[in-house]
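Structure first, then comments.
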Protein chains: 2
Amino acid sequence: MKKLINSVDSVVTDALRGVAAAHPSLTVDVENKVITRAGGPTPGKVGLVSGGGSGHEPLHGGFVGYGMLDAACPGEVFTSPVPDQMLLATKAVSGGAGVLHIVKNYTGDVLNFQLAAELADDEDIEVASVVIDDDVAVQDSLYTAGRRGVGATVFVEKIAGALAEEGASLDAVAAVAREVNERSRSFGVALSSCIVPAAGKPTFELGDSEIELGIGIHGEPGRTRGPMRPASELAAVALDAIAADSEAGTGLPLDGELLVMVNGMGGTPLIELYVMYEEVARNIAARGGRIARNLVGNYITSLEMQGFSVTVCGLTDQLTRLWDAPVDTPALRWGR
Amino acid sequence: MKKLINSVDSVVTDALRGVAAAHPSLTVDVENKVITRAGGPTPGKVGLVSGGGSGHEPLHGGFVGYGMLDAACPGEVFTSPVPDQMLLATKAVSGGAGVLHIVKNYTGDVLNFQLAAELADDEDIEVASVVIDDDVAVQDSLYTAGRRGVGATVFVEKIAGALAEEGASLDAVAAVAREVNERSRSFGVALSSCIVPAAGKPTFELGDSEIELGIGIHGEPGRTRGPMRPASELAAVALDAIAADSEAGTGLPLDGELLVMVNGMGGTPLIELYVMYEEVARNIAARGGRIARNLVGNYITSLEMQGFSVTVCGLTDQLTRLWDAPVDTPALRWGR
């Protein structure tokens, strides 16, 4: 294993020190692993907290800032943060209007955020929770009852963050977060495994021309393994899966106005992500859809895994407006 | 070789189609491989053109936009663009105040940009050129007479772009570009090779616990190979090389106010880059330096290579002001 680290035990805290040193807009409690905006809570604003295992950077710490999250609590690599840590984050961002917990659907994360919400309630902080479960690849999985939460988390954090910034109530911010989750679907493909530092070896093995379709962000098994294929066919596999699910489910017509992310898993070069984006855009156009907004890059990763995921969200006028609203975080930033 | 592509022949054009689809702020001439700002040339503003082989994304196309480049011309992977392509870009961004060519010091790029400048002169467009050669690792190298141009290119494009946006003359914009180059030094480390699509196999081979110190952005040989080391020691190797060179050369005192980039080579996860940044920041602090501005992320890459580079630029009040000036490009963006 070759990694830019000092030791497997200190990866997360060393990286958090780096985040603190690089971003004066953030306050980082390295010991307790809580990242908040440097300015403290905004009085009267709903506070947004997310968190989960480390190894998915820039998620979540890179999305703390104006128009998005108020706090992130990173666990150890691919390991849920603990309730006390979540409680600290919740208290740190409480501005009197309640706090929204944005939770990816992994059993540990869900249970720990639930405990944290109860602890916050004991301290008279109102907490609402939204569980993200947008991955259409598999029902139930390693670490998950139901679907896994993946790329839609980025959309939820941005859009709910924008509504919170406008001064909306906790109920309204939670409702838009749930709406974005319900209108979003994702599918991922791995070309290589990641290596968890503490494990020191690949999480899974793939042959020289083998890929895994429907991969999870911790390397959890997908739907099938198969031979490597051209980008155009990989886009079709991902969008067929998303389309089949959308027709069966609620809320996401692939022939409407869409927000689409082509996300890198951490080890894939940007030039390949643009090739994938072109194929995804063509495929969606052939279905009668229109990509009104997009992201191409590494937003929710799996350490050095090579591969990509596609996340599609059916837009409404309100969601588009909130997507376009100003954001100023280390990993997502546009005009205000 | 597993890559998200359709064919090795169409990687660059497919990716350019993706860039065009993803970024309405850009105009992409896919056939001629020229990326410009969608608005056309700004009358009276010096136009900034850069270019070079593809495979280093987001460099250069991701830096086309307000406050940075006016055009980028990408060659095939790790291959110089051609003079006609550079001429097209030069003409496309000429607003009557002259055009600056920002050229990384690789023999092919330098010769082709020189020819393009002569062709532009024939069409009465005044061109100035600045050659970037910030890599302290080796003198002369594969593809290069003198030093290689690497991370300082990002700094030059940002700072010269800001001055051009203010309406400065071609001479002044060229002078600040040269100043940034002279005040900047870089050093890179590879943990793994990249795979050029047309070659289909790793450019070089490294052992399971072996790294290359002083690597070039095309996998050109560095100074030495050696065993993997902790992040703190890798930071020391890079900064010792930069410091030794700075003392011998001109203009970059490591104990002043610095702009520092910890750049990923394309295949290294962000969590590791933050670990590296922390070690670089500590090392610089111990030398009495202060990092006034920073970048952490993938800005000048080598396909899927794992590793990092450090680029250090000695700031002045003017350079800091220009660094802070608004920028709005796909890969670098802050307030205006």
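3J(HN,Hα) along the range B:284-291, derived from phi through the Karplus expression 6.51 cos²θ - 1.76 cosθ + 1.60 where θ = phi - 60°, amounts to 5, 4, 5, 8, x, x, 10, 7 Hz, with x in place of Gly and Pro. Of all DSSP bridge pairs formed entirely within the protein assembly as shown, close to 55 percent run antiparallel. On the basis of the beta-carbon distance and an R0 of 51 Å, A:Asp240 and A:Ser25 show a calculated FRET efficiency of 0.80.
Across peptide B:228-235, the average count of Cβ atoms from other chains found within 10 Å of a residue's Cβ is 4. Between B:Ser141, B:Ser94, B:Ser80, the residue with the greatest mean-square fluctuation in the GNM of chain B (Cα pairs under 10 Å linked by springs) is B:Ser141. Residue order by solvent-accessible surface for B:Arg37, B:Arg293 is B:Arg293, B:Arg37, largest first, with ligands and nucleic acids left out and a 1.4 Å probe. Put simply, the amide H of A:Leu315, placed in the peptide plane, has neighbours under 5 Å in A:Glu257, A:Leu258, A:Leu259, leaving out anything fewer than 5 places away on its chain. Sorted from shortest to longest, the distances between the A:Ala244 label points of this copy and the other copies are 5.9 nm, with each point 7 Å from Cα along the line through the beta carbon.
Each copy carries a label point for A:Pro326 at 7 Å from Cα toward Cβ; from one copy, the others' points are 1.1 nm away, ordered from shortest. How large a share of the accessible area of the protein assembly as shown, in percent, is made up of carbon and sulfur atoms when the probe is 1.4 Å and the other protein chains stay in place? Of the solvent-accessible surface of the protein assembly as shown, carbon and sulfur hold 50 percent.
Subtracting the Cα-Cα distance of B:Lys201 and B:Asp317 from 0.36 nm times their residue separation leaves 37.1 nm of extension gain.
The mean count of C-beta atoms from other chains within 10 Å of the C-beta of residues in A:315-322, rounded to a whole number, is 0. Amide H to amide H distances under 5 Å link B:Val127 with B:Val99, where only residues 5 or more positions off or on other chains count and H is placed in the peptide plane. When DSSP beta bridges are restricted to pairs lying wholly in chain B, around 55% turn out antiparallel. Charges were assigned to the Cβ only: +1 to each Lys and Arg, -1 to each Asp and Glu. The resulting dipole of the protein assembly as shown about its Cα centre is roughly 40 debye. Please figure out what share of the DSSP beta bridges in the range A:184-331 is antiparallel and state it in percent, rounded to the nearest 5. The answer is about 70 percent antiparallel.
Each copy carries A:Leu142; placing its label point 7 Å along the C-beta direction from Cα gives inter-copy distances of 3.6 nm, listed from smallest up.
Counting only other chain Cβ atoms within 10 Å of each residue's Cβ, the peptide B:301-307 averages 4.
Using the Cβ-Cβ distance between A:Asp122 and B:Asp122 with R0 = 60 Å, the FRET efficiency computed as 1/(1 + (r/R0)^6) comes to roughly 0.15.
Distances between placed amide hydrogens fall under 5 Å for A:Arg37 paired with A:Thr27, all partners being 5 or more residues away or on another chain. Each helix, a run of at least 4 DSSP H residues, gives -39500 (n - 2.57); summed and divided by the residues of chain A, these come to -10500 deg cm²/dmol at 222 nm. Label the range A:11-182 by shape, choosing from rounded, prolate and oblate, from the square roots a ≥ b ≥ c of the eigenvalues of the Cα gyration tensor; if a/c is under 1.5 it is rounded, and otherwise prolate applies when a/b is larger than b/c, oblate when it is not. Rounded, since a/c falls under 1.5. Just check the range B:122-212 against the gyration tensor rule for me: Cα atoms, a ≥ b ≥ c as the square roots of the eigenvalues, rounded for a/c under 1.5, and otherwise prolate or oblate depending on whether a/b exceeds b/c. Prolate shape, in that a/c is at least 1.5 and a/b is the bigger ratio.
From most to least packed by mean Cβ count within 10 Å, the peptides B:129-139, B:217-227, A:156-166, A:108-118 give A:156-166, B:129-139, A:108-118, B:217-227. Karplus-derived 3J(HN,Hα) values for the range B:29-39, using 6.51 cos²θ - 1.76 cosθ + 1.60 with θ = phi - 60°, are 8, 5, 4, 8, 6, 10, 10, 10, 5, 4, x Hz; glycine and proline are entered as x. Our coupling estimate for the range A:64-81, obtained by passing each phi through the Karplus curve with A = 6.51, B = -1.76, C = 1.60 and θ = phi - 60°, is 8, x, 3, x, 9, 7, 9, 8, 10, 10, x, x, 5, 4, 6, 9, 4, x Hz, Gly and Pro reported as x.
For chain B, the square roots a ≥ b ≥ c of the C-alpha gyration tensor eigenvalues yield an a/c of 1.5 or more together with a/b not exceeding b/c, which makes the shape oblate.
The values are calculated or read from the model by the stated rules, or taken from the named source; none is laboratory data. Computed from a predicted structure; not experimentally measured. In this analysis, Cβ positions are derived from the backbone assuming ideal geometry, glycine residues included, and neighbour counts consider all displayed protein chains. Note: areas computed on protein heavy atoms with side chains; ligands, DNA, RNA excluded. Shrake-Rupley method; radii C 1.70, N 1.55, O 1.52, S 1.80 Å.
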